[in-house]
Structure formats: C-alpha cells, structure tokens
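The structure under discussion appears below in the form of structure tokens.
The values are calculated or read from the model by the stated rules, or taken from the named source; none is laboratory data. None of these values were measured; they are calculated from a predicted model. For neighbour counting, all protein chains shown are included, and Cβ atoms are generated from backbone atoms with ideal geometry for every residue, glycine included.
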Amino acid sequence: MSAKKDMEARFGRACDALFGALKGGEALAVEFEGEDSTFLRFNRGKVRQLGSVERADLTLRFYANGRTLGSGTGLTGDADSDAKACAALLARLRGLAAGLPEDPFQVLPAATGSSREEFSGRMPDGARLVEEVLEPGDAIGRAGADFVGLHAQGPVCRGAAASSGARHWFATEIFAADWSAYLPNGKAVKSCYAGREWDGAEWRRRLAAELPRLEALNRPERILPPGEYRVWLAPDAVDAFVPFFSRMGLSERAYREGSSAWTALRDGRKKLSPKFSLAQDFSLGAEPRFNESGELAPERLPLVEGGAFANAIVSSRSEKQYGAVSNAAPEWEGVRSPSVASGDFDDAKVLESIGTGLYVSNLHYLNWSDFDSARVTGMTRFACVWVEDGKIVAPIKDLRFDESLYRLWGDKLEAVGSRRAFVAETGSYVIRNLGGSLVPGMLIDGMTFTL
Amino acid sequence: MSTTLKKLVGEIAPPGAEWCGLRRVRLSARAVQAKDGRFDLAYDYVDEGCMVEVLHRGQFGYAAVASLDSGALARAALKALELARVGSARPVHAFDRSVRPATVANWETKRAPGRLPGADELCAFAIDATRAMRASEKIVRSDFLFELRDEETEFVSTGGAELVQRKHIVGYNATAVAREGTLTQRRTLNGPRGRTLQGGVELLDFPAMKAEAVGAAEQAVELLSAPECPSDTRDVVLAPDQMMLQIHESVGHPLELDRILGDERNFAGSSFVKLEDIGTLRYGSDLMNVSFDPGVDGEPASYAADDIGNPARKELLIEKGILVRALGSLESQARSGKPGVANQRAQGWFRAPIDRMANLNLEPGASSLDEIIGSVEKGVWMEANRSWSIDDYRNKFQFGCEYGRLIENGKLGATVRNPNYRGVSSSFWRSLFKVGDASTFRVYGTPNCGKGEPNQLITVGHASPVCAFKDVEVFGGEA
C-alpha cells in the first residue's frame, strides 16, 4: 500500500471508530495531519543529517453537555492498536470534559460536505539522493560558494471530518529543495525548487541560473548609513510581510480583542495604496480549503481591495461570539493561500526604475515594533545589492528597517510588479506545512532603514 | 529503564550497523485558558514515538515512527541504515561511536510532593482571575493560560546507553489588553510564556498569581496615559525578564557551534563569532559571566544528559567578558576541535538532535538594585519583552518591551510606554556596566525557540540579574 493510501486508511478507520462510539448528546470534529518524509540536510555540499519521519496525527475536538475539549494522539498504522487508542481516548475525553465549565461560545460541528483530492508526484529515488540532489550542487562549489540547505520529499496528507457528516481528504506528494549558496565573504543567494514532479534537468538549470547573481555578490561590500532609500522588494521579500496579515492581523477575533495591528485599516481611519490588494485564494491548489471542523472556505475571499479593508478572517466561533459572518476560517483565523494582486510594472525594468537605491532580495526576522501604527522591523538578507544609475554596484552590509506598513504600502508604494512568484511554504515545525503565497515585487519610494 | 526497550535495541540493530540507538519520547500536555471571566479553551493530548538512529561508515541515518511495535521499529532501523549508507557517500564529517556515550542515568525534575490541580480547578482560578483583571472598563481583553507538560525520554543504544529522564513543566501567563481611543497597550507576566518552569505544585501560588494578573491589568491601563519612551541615547537598565531575551538572541544563538559551522545558514542564520574567536574574543565587559547550567532547580531546560546521552554539567562560556567555550555538542566538538557542552537536543521523537541552548544564564554580580538605579544619571528601565528581531549573524538587534520607566539622577521616575532599544551585539555587551547581585536574579524560560531544518521548537531557560548598559539608542512608538 502506498504511503498516501495507508494514511487515508488510518484516517478512515479512526473516524469510523470514533464517530461510531459517540453517545447521544456528544459531537466530535477530527482533524488529520500525516507525512512520510525524507529529510536531507546538507552543508558545504555534503550530507549533514539524513533521515525519515512517518507520522499520522489526530487532533480532536469533543463536545458534550455544553463542554468543549481539544485533544490529540498519534496513529501507529496498526489497526487494532489504533482502534484501542481511539476508544481509550474517547473515554478519557468524556471524563475530562465533565469536569470543565460550560463553553459559552461552543459551536457544534454542522458541516456535511465531503471532498477528496489526491495528487501524485515524482520524487528523486531515495537511494540516489546524493547523486540527484547534491551532486548538481557541485556547480555552486566550483563557483567558490558553499551549498547549504534542506531537501524534503514525500507525501503530505490532511483530513477533516465531523460527526455532522463532513469528510474531507487531501493528499499530495511534494518536494522542496530549499537552498543557499554562500560565498567566503558571507554573501549569499537563496532559492527554492519545490513542486510535485522532480526534474533533474530543471534542478540543474535552476542552480546554474543563480551563478551570475553570485558574481555580483563577490564585489566589495557597500556600507550604507541609516536613512531612507528607494527600494525594489523582490517577491521573496514581499512574502516576508504576508504573515503580518495573520499574526495580530485580519482575524475577526484579534480585532474584537484589541489584538489586531490593522484596526485603523478596518475602521477606515487609514488606507493602503489603491495599488495594494490581497485575497485568500485557494485556486493556487497548494492546500485544502477545509478547516479543522470540515467547513469549506470560499475559493476566493478578498481581504484588502484597492487599499481598503474588504473582509476579515472569521471562524464559526467568532460568528457565534461576535455576530460576524463566518467564512469557514480555522479557529486561529490566519490567512491561508494568500495572493497579493499584481500590478502593471514591467519587472524587466527593475534596475532602471530603482535608479539609485536598493534591490532587496530577502528579508529576515520580521516582527511588529509598534502595534498601533502597524510598524514592522526586520533585516535585509541574502542577495541585497546597491544600485546606481540602474546598474548593480555592490552587495550591501545588511541593514535594519523599521517602517509602518501603512507607509510602505501606502504613499510610498510606487509600483507593483506584473509578474508574481509562487513562494512555497516550507515550514516544518512538528510536520511539513502545505501551501504557499503568490506575490509580486514592489517598488518603494523611500523605505526607512535605522541601523 | 524499560528492559523491553533495552532488549529491543539489540534485536532491531540491523547487520551493517556500527551502532544503533533508540530514543522513545512521550509527551503528555494539557492546557486550559479563560478569557474575560469565561472559559475559553482546554486541551489534553499525548504524542509518543521512537527515533531509531544507525551509524554506518561515519554517517548517522535516522528513521522516526509513532510506534513502539518491534516490527515497525525493525523496519525503521533498516530504513535508517539505508539512509546512512546513502549519506556515507558524501558526509560532512565521518563520525564514530564516541559521539554517542554509554551514559547510564535516571533523572527526574525536582518538585514538591502533591498533585497538580485538575483542569476544573485551573479553569475556576483562571475564570476568577480574568474577571478580576477587568476592573477597568479600558481592559478589552484579559486572559489566563495554564500549560502543563510531562516529557519522558528513554534513550538506549547498542553501545550501552541507558538513560531515562522525566521532565515536568509548569507554565502559566496572564495577558491584559487595554484600549483608549486609538491607543492599545498590553501587559503580561514577564513577557509571552516567560513563566515556563520545571517543577510542580509549588509553582502555583493562586493568591499571588491573581494579584500579579490584576497588577498586569492595572499597568496596561497605566500605560495608556503614559508618555512615549523618549528617542535619544541613554543608559538602559534591563529587568531579568528582558535580559532573558537579550541573552537568548545575542549570546545564545551566536554561540551555537552548528551555526558557526554553517549548518543553519539557509534558515536561522550564521554567527558573527568565528571558530578562531573561541578562547580570545572579548565578548563583553569584565562584568559579563555567562554559564551553560543544566542543574538549576526550576529552570526549564535542566537535565542530566542531552538527547545523545552526553552527561550535562555547568560550564562557563564567557568568563570576565572573554569567550572561552561555545554551545557545541559532541558532534560539533568533533567537527570543530573546540570545547563545548552537552546540548544536542531534539524537539521530540520525530526530530534529530542538534546544537541547542538549554539553560543559559548570566551569573549574578555585586550590585544591589538601588546601587544600579543610583548609578544612572539619565536612563530607562525596561521590562517584559514584546518585540524581538535580530540579523542572521546575531549582531544588529532591535528589541521592544511592555513597560518602561525613566531614570533621572539616580531615581526611578515616570512610566513610559512603548520602550524600545537597538544596538549591535558585539559592542552592546561591552557597554555592560552594572550587574545585579543575587537578590535581583530571576529564572525564566520559553517553550518556543525555533531553529533547524527540518524545523524544531524547544524549551530553553534563562536566568539573569538586573543589568545596566551604557549609551544605548532608545525610542518609542508613533501613536
């Protein structure tokens, strides 16, 4: 049995066992996350760590007599032991839930739909990972740089089901070769080759395509004083800001609790540039539309349109608590599959349009620095270069920025690129993430750097 | 020690394995939270699994499964061997069995006898506390969260390791958000999840916790009418709950040997510290003494040995301002030839251990709090971290705190809101001019230090006295 089929079977058996054992007055929502992953971690073009992880996690939400209790456990794949574990878990939840206070905003699962999406892929042969993934990186070594990063591959599965009848399954086989090339001077380029169909020739082509960027980074470093600079934010750099719509972001709950940095936007006291629009867009196909209760989000949900607030991210719990209309968000109310609208700027004219200023390829370690003004601080990273008269002059010594997003994407947003890049989600805390974002580059006329 | 596990590792070790290890981890976690005087959430979950590690021709391969079944573990061992074989064609370093010591130990968190309160009692307290926190109508959110974890790790190997460690973690926090007009201010107990400690029922003093939660709410309201932190250059005096973050980001991460060796460059970053700096670099002023100390009672990353079985003991990393040792595990020590510590740790059964901070502490100095404040002509007191950012070499940083007070002519003065400061690690620590004595020393921790590819979160501890730094760039918010 393939790993995906095995995972689906585990999910199905667990749902059958759990839903079949529910008593009157009880309800249950079951979320499944599984993977069978191989991780090749490399440094200096050589193997640092190589291993595999197989996990199948159930996250449960149990409802009884007005009480709500979350829980979770792993599934081993052995039908008998998993059935016993599910039965024991349910018994434990009944006992624990009885001791809890009533949940004032309990929303019993109501979803009834079902869906099934499965995507096959072609991964490098596990026995030839060194030849397939690392050896092509020797081109980086020949260019005088260190080849470092992580290649992850294998199936990733998600499921959700509810005692109300919903049952959804999403399985895909994906890889992500997330890598950097470091020169002895500490300057580096970063890239990621991710997808479902591994193509060795494409991998080699992508590696070779970065070599010219390395050449530019070998020049003497330019140290710039703090100040305002004209900046092109490449799509990877723009993507670094996207989580700020999730983290203390456009969540209905965050707004109501005084924990949204976008309160002024939502209240209409401030606007972004008409050039800026953001939507949640599942047509990207990178992650499922269902949430942990089996509710299906609309395929597209505008969040910011023409610089103005359009919609908040609303879960069923927030609907009950605040009276807002749910858009089937997960309870954490973050943006999924974000898509920033493209503009009409010709990306081929980036250097010419910067004139004199900075080309920022990547940003690093961003955080809110002043909540009420939506100010964010962070660092430039990787292949950031100083441009004069439309020509690359030198790599820069990394700079810290500290800038309000109302300014950055407000009156300072000069143009939005017409070409968008899909930035794959490569996070893997606990389990490999799915998804990614679609983002353009942006020309900023005056970004504030402080250190 | 489970005799089953000890017997099992010998049975599953595949032919061709020069060494085989089995690490079983069982995490049992539960949490409850109340918000605004009402129940908000409760969860209770268990995660258990095993990682099999095999050494073959100098390369470790690993395979992790959520199972204790001997058949599943035998298959995992074969997979680990195959991956080790694949990797041995091009290893970054050829390891041997010396990096997996045959340590035998049985260790458990020291804690007071008595059971922890059940979910019902914790909920009742949290509901009561969050109701009391809403004394002012300016409070728009009050919450109180308990997070309790029991982590049991068994590590056995064909080399003779037999290690059992049981950690008991108690975490709690209160958050108050106050709003007036367009201004929002927030206070917690020592920053987000700073109260994450090892121990038991002795850590839960409900009357004191409620008083602190109410105090946090009062300070959130107080901050609404406080002026912004001034923007200029002056001395800063950092409370231990901000020192925790300062130590973590600008001492801990840059001293991780795997970062210095380049493993983390594609993700978390590298370090401004070079291998050749170890033993010579003046990291800070003479007052700076930093220790790796896995033996502090209550500190959340205390343990007897790390996840590869290396026995842990206290080591000074920075002595009178000079860097003498880095945070490098046996593997990193073998690769670099530099001294290190027992810090190869994993998030759980599903991740391979890497170089980590554990308990990383600034040793107490000789100054009382009054002496420190009295020595500052113009400065700002800052406490409780709320914003953090630092570059990938761990040099240029900017940190923000929840609560500040001006210091003028040796006296604590008016409260200021949005206190922030920025600097450069390599010069900042050299401006350390006062280190508090043991009376100012506090122990904190955090469960969410992120690092590694694949990514890992881990619990770390930081203890520090109050410290003062000369001529720092400080600034406030824009509202």
Checklist line | Residue that is farthest from the other protein chains (Cβ to nearest Cβ) [pool: residues in segment B:354-363 that are surrounded by 24 or more Cβ atoms within 10 Å (Cβ to Cβ) and outside any strand (DSSP E or B)] | finding: B:358
Margin query: Between a residue in segment B:294-321 that is in the same structural domain as residue B:461 (by TED's automatic domain parsing) and any residue that is hydroxyl-bearing (Ser, Thr, Tyr) and surrounded by fewer than 18 Cβ atoms within 10 Å (Cβ to Cβ), which pairs come within a Cβ distance under 8 Å, given they are 6 or more apart or on different chains?
Written below: B:321/B:285
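Where residues in segment B:438-458 are under 12 Å from the mean Cα position of the chain (by Cα) and within 14 Å of chain A (Cβ to nearest Cβ), which of them is nearest to residue A:41 (Cα to Cα)? Before the answer, list the steps.
Here is the first cut: in segment B:438-458, the ones under 12 Å from the mean Cα position of the chain (by Cα) are B:443-451, B:457-458.
Going one step further and asking which of them are within 14 Å of chain A (Cβ to nearest Cβ), we end up with B:447-451, B:457-458.
Numbers: B:447: 24, B:448: 22, B:449: 20, B:450: 17, B:451: 13, B:457: 17, B:458: 19 Å.
The extreme case among them is B:451.
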Margin query: For segment A:305-342, which positions are among the hydrophobic types (A, V, I, L, M, F, W, C), in contact with a Gly (Cβ under 8 Å, 6 or more places away or on another chain) and closer than 14 Å to residue A:289 by Cα?
Written below: A:313, A:335
Checklist line | Failed item in (1) more than 14 Å from residue B:294 (Cβ to Cβ); (2) surrounded by fewer than 18 Cβ atoms within 10 Å (Cβ to Cβ); (3) basic (Lys, Arg), with residue B:351 passing the rest | finding: (2)
Checklist line | Residue identified as farther than 30 Å from residue A:63 by Cβ, in contact (Cβ under 8 Å) with a residue 60 or more places away in the chain, more than 26 Å from the chain's Cα centre (by Cα) and facing another protein chain (nearest Cβ under 10 Å) among A:130, A:148 | finding: A:130
Note to self: Could you check segment A:28-48 and list, in sequence order, the residues that are small (Gly, Ala, Ser) and either in contact with a helix residue (DSSP H, G or I) (Cβ under 6 Å, 6 or more places away or on another chain) or facing chain B (nearest Cβ under 9 Å) (or both)?
What the structure shows: A:34, A:37, A:45
Check: Can you name the strands (runs of 3 or more DSSP E) wholly within segment B:364-429 that have at least 2 residues being under 22 Å from the mean Cα position of the chain (by Cα)?
Finding: B:378-390, B:396-408, B:420-424
Margin query: Quick check on residue A:51: is it within 30 Å of residue A:175 (Cα to Cα) and within 7 Å of chain B (Cβ to nearest Cβ)?
Written below: yes
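Considering only segment A:82-90, I want to know if a residue exists there that is touching a Ser or Thr at 6+ places or on another chain (Cβ under 7 Å), outside any helix (DSSP H, G or I), surrounded by 19 or more Cβ atoms within 10 Å (Cβ to Cβ) and touching a residue at least 60 places away in the same chain (Cβ under 8 Å).
Residues of segment A:82-90 touching a Ser or Thr at 6+ places or on another chain (Cβ under 7 Å): A:82, A:85, A:89.
Then keep just the ones that are outside any helix (DSSP H, G or I); that gives none.
Within segment A:82-90, not a single residue is touching a Ser or Thr at 6+ places or on another chain (Cβ under 7 Å), outside any helix (DSSP H, G or I), surrounded by 19 or more Cβ atoms within 10 Å (Cβ to Cβ) and touching a residue at least 60 places away in the same chain (Cβ under 8 Å).
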Margin query: Name the residue that is nearest to the other protein chains (Cβ to nearest Cβ), counting only residues in segment A:91-109 that are buried (at least 22 other Cβ atoms within 10 Å of the Cβ) and closer than 30 Å to residue A:3 by Cα.
Written below: A:93
Margin query: So the check is Cβ under 8 Å with 6+ separation or different chains; which pairs have a first residue in segment A:222-235 that's hydroxyl-bearing (Ser, Thr, Tyr) and a second one that's in a strand (DSSP E or B)?
Written below: A:229/A:357; A:229/A:358; A:229/A:446; A:229/A:447; A:229/A:449
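So if I check each of A:417, A:410, A:441, which one is under 25 Å from residue B:387 (Cβ atoms) and in contact (Cβ under 8 Å) with a residue 24 or more places away in the chain?
On the way: A:417 fails: under 25 Å from residue B:387 (Cβ atoms); A:441 fails: under 25 Å from residue B:387 (Cβ atoms).
It is A:410.
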Notebook entry, point to check: Hey, does segment B:112-128 have a residue that's surrounded by fewer than 19 Cβ atoms within 10 Å (Cβ to Cβ), out of contact with any strand residue (DSSP E or B) (no Cβ under 8 Å at 6 or more places or on another chain) and more than 30 Å from residue B:40 (Cβ to Cβ)?
Noted result: yes
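One residue is enough: does segment B:400-420 have a residue meeting the conditions hydrophobic (A, V, I, L, M, F, W, C), more than 14 Å from chain A (Cβ to nearest Cβ) and within 30 Å of residue A:430 (Cβ to Cβ)? If you could, list the steps in order and put the result at the bottom.
Our first condition is that a residue be hydrophobic (A, V, I, L, M, F, W, C); within segment B:400-420, this holds for B:401, B:406-407, B:412, B:414, B:416.
From what is left, the residues that are more than 14 Å from chain A (Cβ to nearest Cβ) are B:406-407, B:412, B:414.
Those still in the list that are within 30 Å of residue A:430 (Cβ to Cβ) too: none.
Within segment B:400-420, none of the residues are hydrophobic (A, V, I, L, M, F, W, C), more than 14 Å from chain A (Cβ to nearest Cβ) and within 30 Å of residue A:430 (Cβ to Cβ).
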Next item on the list: Take the residues in segment A:284-332 that are of a type in the set (Gly, Ala, Ser) and at pLDDT below 95, then tell me which one is nearest to the chain's Cα centre (by Cα).
Entry: A:286
Check: Considering only residues of segment A:62-73 that are within 18 Å of residue A:102 (Cα to Cα) and facing chain B (nearest Cβ under 9 Å), which is farthest from the chain's Cα centre (by Cα)?
Finding: A:67
Margin query: Looking at segment B:380-399, can you tell me whether even one residue there is in the same structural domain as residue B:259 (by TED's automatic domain parsing), crowded, with 21+ Cβ neighbours inside 10 Å, free of Cβ contacts under 8 Å to residues at least 24 places away in the same chain and touching a Gly at 6+ places or on another chain (Cβ under 6 Å)?
Written below: yes
